[in-house]
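To start, the structure under review is shown below, and the notes come after it.
The values are calculated or read from the model by the stated rules, or taken from the named source; none is laboratory data. Note that this is a predicted model, so its numbers are computed, not measured. Here the Cβ positions follow ideal geometry from the backbone for every residue, glycine too, while neighbour counts run over all protein chains shown.
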Amino acid sequence: MALILVITAVVSAALFAWISIRMNSEFPKRKVEVQIKEGMSARAIGVLLQEKKVIKSALLFVLAIKRRGVESDIKPGTYIFATGMDYDKVIDKLIKGPAINYIKLTLPEGWTAKQMADRVSSITKIDRDEYLGLSTDDSLWMEYPFLMQSGAPVVNLEGFLYPQTYRILNKTTARELVKMQLDQFMKATSDLNWSNAESLGRTPYEIIIIASLIERETVVKDERPIVASVIYNRLAKNMRLQIDASVQYALPVWKKRLTYEDLKVDSPYNTYRNPGLPPGPICNPGYESIKAALNPAKTDYLYYVLAPDNSGRHVFTSTYDEFLKAKAQYDAARRQQVN
């Protein structure tokens, strides 16, 4: 009798496997998204999978679940299956649980909070205005002591929204993303010597302002400490910084080239009209620019202009006459390119 039961079980299993393979092999393969909800029965899941053509028979699926005794181990979530799958492979996937789908969110160095908000809202479910509103959220400042100790005159996260590529979930909220950026700021800049700020006569917040100016003024890594030196040298001589990027920040839209009228814009961020630093960062700088702001090169440079060779580098000068000569060379090269 026992032998008959064993033979029957073996034959039944073999027959089930043959039917499963035979029936599911009829489908052309394609990917299918299936949402398994909390509390769904094996039968309900089987019917759904049959409707989506992941499997041929809901009944065979339920029998396989019962045979393995794993109904309570099925995990809810969103799954990606192929049509015509093997029953046991479907069940294995349901027991393992859904893959976590991350969104790749790249926030480049030198972007403003508004630019970041536009990018965030375009590829995630996070609301643009909610993300921007957190920039002036007092409660976030209370959670991060370094913000309180930065010397910032107002609550504004511009400059601290650390730029990099983040992997976030579909359900990530605006507040969670901003906190990820603040956490990354602390982590990324923890090895910098912030005590240099005091020896430079600046608060940590002013260092971030200077770093933001550096970030927008050059894309060349080894130039950043030199640009920093120009900023510090001009500040020491009470010269206006006259940085185009700060004027751009004051304008409603970004311009490829500024006009003389733009340089007259009435804004505290207009460093052509106002002495000293602008009241806040003009973007969110990366590590190298913050490092340069804390470690400026020792130079006597007061001016710089783009080099005429289209390399993206600058010519640095100590006198205005030298600057005018370098600028004339750049202008001539640009005119030649246009012609």
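Of note:
- For the stretch 99-172, the helices (runs of 4 or more DSSP H) that sit wholly inside it and include 3 or more residues that are under 26 Å from Ala197 (Cβ atoms) are 138-143, 145-148.
- Options Asp92, Asp86; residue that is under 30 Å from Leu60 (Cβ atoms), without any contact (Cβ under 8 Å) to a residue 12 or more places away in the chain and over 12 Å from the mean Cα position of the chain (by Cα): Asp92
- Single unsatisfied condition, Gly159 versus (1) in contact (Cβ under 8 Å) with a residue 60 or more places away in the chain; (2) in the same structural domain as Asp262 (by TED's automatic domain parsing): (2)
- For the stretch 308-325, residues that are at pLDDT 90 or above and farther than 13 Å from Ile226 by Cβ total 7.
- Lys37 meets the conditions (1) in contact with a Pro (Cβ under 7 Å, 6 or more places away or on another chain); (2) on the phi > 0 side of the Ramachandran plot in every case but one. The failed one is (2).
- Residue check for Leu169: under 23 Å from Gly151 (Cα atoms) and hydrophobic (A, V, I, L, M, F, W, C): no
- Among (1) among the small types (Gly, Ala, Ser); (2) in the same structural domain as Ala236 (by TED's automatic domain parsing); (3) not in a loop (DSSP other than H, G, I, E, B), the one test that Gly201 misses: (3)
- Lone qualifier among Lys114, Lys93 - being of a type in the set (Lys, Arg) and touching a helix residue (DSSP H, G or I) at 6+ places or on another chain (Cβ under 9 Å): Lys114
- Which numbered condition Ala64 misses (of (1) surrounded by 10 or more Cβ atoms within 10 Å (Cβ to Cβ); (2) under 14 Å from Thr83 (Cα atoms); (3) modelled with pLDDT of 50 or more): (2)
Rundown of residues vs (1) surrounded by fewer than 16 Cβ atoms within 10 Å (Cβ to Cβ); (2) outside the structural domain of Ile55 (by TED's automatic domain parsing); (3) hydroxyl-bearing (Ser, Thr, Tyr); (4) on the phi < 0 side of the Ramachandran plot, yes/no style:
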position	(1), (2), (3), (4)
Gly69	yes, no, no, no
Tyr79	no, no, yes, yes
Met85	no, no, no, yes
Val90	no, no, no, yes
Thr106	yes, yes, yes, yes
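- Residues (in contact with a helix residue (DSSP H, G or I) (Cβ under 9 Å, 6 or more places away or on another chain), closer than 15 Å to Leu94 by Cα and assigned to a helix (DSSP H, G or I)) located in the stretch 59-77: Phe61, Val62, Ala64, Ile65, Lys66, Arg68, Glu71, Asp73
- Looking across the stretch 144-176, the residues that are farther than 25 Å from Thr106 by Cβ and surrounded by 11 or more Cβ atoms within 10 Å (Cβ to Cβ) come down to Met148, Gln149, Ser150, Gly151, Ala152, Val155.
- On inspection, Ser190 passes the criterion of being free of Cβ contacts under 8 Å to residues at least 12 places away in the same chain, surrounded by fewer than 19 Cβ atoms within 10 Å (Cβ to Cβ) and not aliphatic (A, V, I, L, M).
- Taking the criterion of being touching a Phe, Trp or Tyr at 6+ places or on another chain (Cβ under 8 Å) and part of a loop (DSSP other than H, G, I, E, B), the residues of the stretch 287-301 that qualify are Pro296, Thr299, Tyr301.
- Taking the numbered list (1) surrounded by fewer than 16 Cβ atoms within 10 Å (Cβ to Cβ); (2) modelled with pLDDT of 95 or more; (3) part of a helix (DSSP H, G or I); (4) not acidic (Asp, Glu) in turn, Leu263 passes all entries but (2).
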